[in-house]
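Beneath this line is the structure, given in structure tokens, with notes to follow.
The values are calculated or read from the model by the stated rules, or taken from the named source; none is laboratory data. Computed from a prediction, not measured in an experiment: that's the story for all the values here. Neighbour counts run over all protein chains shown; Cβ positions are idealised from the backbone, glycine included. With ligands, DNA and RNA removed, areas are computed over all heavy atoms of the protein, side chains included. Shrake-Rupley method; radii C 1.70, N 1.55, O 1.52, S 1.80 Å.
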Amino acid sequence: MLKAVLFDLDDTLLPDESAANAALVAAAQVAKQWHNIPPGDLKDSVRRVARRLFRAHPVVAPYGGNFDVSSWSALSARFDGEDEEMKQLSAWVPEYRREVWSGALAENGFADPLLADTLSCVYVAERRARYQPFPDALQVLRELGQKFRLGLVTNGPGDLQQDKLDVSGLKGCFGAIAVSREVGFAKPDPRIFAVALGQLEVAASDSVFVGDNPKTDIAGAHAAGMKAVWLNRDNAPQPEGIVPDRTIHSLDELQEAIAGL
């Protein structure tokens, strides 16, 4: 009997990559006012430089592109935490942001340290302003919360993911929250799902996980012994070898989808 529903956060309950892009464009509009740089050009430069610098850092490089924090998240996260990796990233973040924005400006023909520092701050504010849930999220969570125990399992730095939950109003919906950089395991590792299930005091066999990423969410939930629902908002093709128990295209479809699980 189904007793609990667990969710992914980014691009499941609230926009992440699209919101990061919008925040980059908003910051780039400031650069346009200063130097008439086309916002799209600067946005592309920022993403390119950020990815290159972040993946080259000694903490991130050994993961070979599978680190559980994205380069655009590092442009706004503080990396709070006591483990050695978080301490190293936290100490490096100010330098990283300066180098990203300075490097992006340089790609577009400008050397302007003051503008680089300004854009770094503008981006953080614009990103935070976009910690808003998808229109179909809050009502569905409220309705499900009357029938099931709810949990959240998300990859990312603790300070950033917790800020998203606080600002978006989603935090109070969950009886368990497991963030990869707080618990020490990242999806698709089944142990991060087990942390949330333990907090809810529910067996994996009595639970279902809902997420947008087949490789981390669906495969990880199945490895943990849970059923899994793929939220495929963009009608993406299903990856070979990963078969969700149900596929939906909106959270409004979720209650019907899990009724038979």
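Equivalent ellipsoid of region 29-108: semi-axes from √(5λ) of the C-alpha gyration tensor, largest first, are 26, 13, 9 Å. Taking a straight Cα-Cα cut-off under 16 Å and skipping sequence neighbours fewer than 8 places away in the same chain, no lysines fall within cross-link reach of Lys164. For region 68-222, how big is the tail of P(r) above 24 Å, as a whole percent of Cα pairs? Roughly 43 percent, once rounded to a whole number.
Name the shape class, rounded, prolate or oblate, that the alpha-carbon gyration tensor gives for region 1-70, where a ≥ b ≥ c are the square roots of its eigenvalues, rounded holds for a/c under 1.5, and otherwise prolate holds if a/b is larger than b/c and oblate otherwise. Oblate, since a/c reaches 1.5 and b/c is not below a/b. Projecting the Cα positions of Val140, Trp101, Pro38 onto the charge dipole of the chain (unit charges on Cβ atoms of Lys, Arg, Asp and Glu, taken about the Cα centre) puts Pro38 furthest along the positive direction.
For the listed residue pairs Lys32/Lys171; Lys3/Lys187; Lys32/Lys87, the alpha carbons are over 25 angstrom apart in Lys32/Lys171; Lys32/Lys87. The Rg/Rh ratio for region 159-261, using Cα coordinates for both the radius of gyration and the Kirkwood hydrodynamic radius, is 0.95. Amide hydrogen proximity for Ala228: with H placed 1.01 Å from N in the peptide plane, the residues at 5 or more positions away or on another chain lying under 5 Å are Phe209, Asp245, Arg246.
Using DSSP loop states and a limit of at most 16 other Cβ atoms within 10 Å to flag GluC sites (Glu not before Pro), what is the longest stretch of the chain containing no flagged site? With a cap of 16 other Cβ atoms within 10 Å, the longest stretch comes to 83-200. Axis angle, to the nearest 10 degrees, between helix 190-200 and the longest C-alpha principal axis of the chain: 60 degrees. In the chain, the longest principal axis of the Cα atoms and the axis of helix 84-107 are about 50 degrees apart.
As an equivalent ellipsoid, the chain spans semi-axes of 35, 19, 16 angstrom, where each value is the square root of five times an eigenvalue of the C-alpha gyration tensor, largest first. In the context of the full set of protein chains, the chain has a per residue accessible area of 44 Å² (1.4 Å probe). Here region 114-222 is treated with +1 on each Lys and Arg Cβ and -1 on each Asp and Glu Cβ, and its dipole about the Cα centre works out to around 60 debye. Kirkwood radius for region 213-261, taken over all pairs of different Cα atoms as the inverse mean of 1/r, rounds to 11.0 Å.
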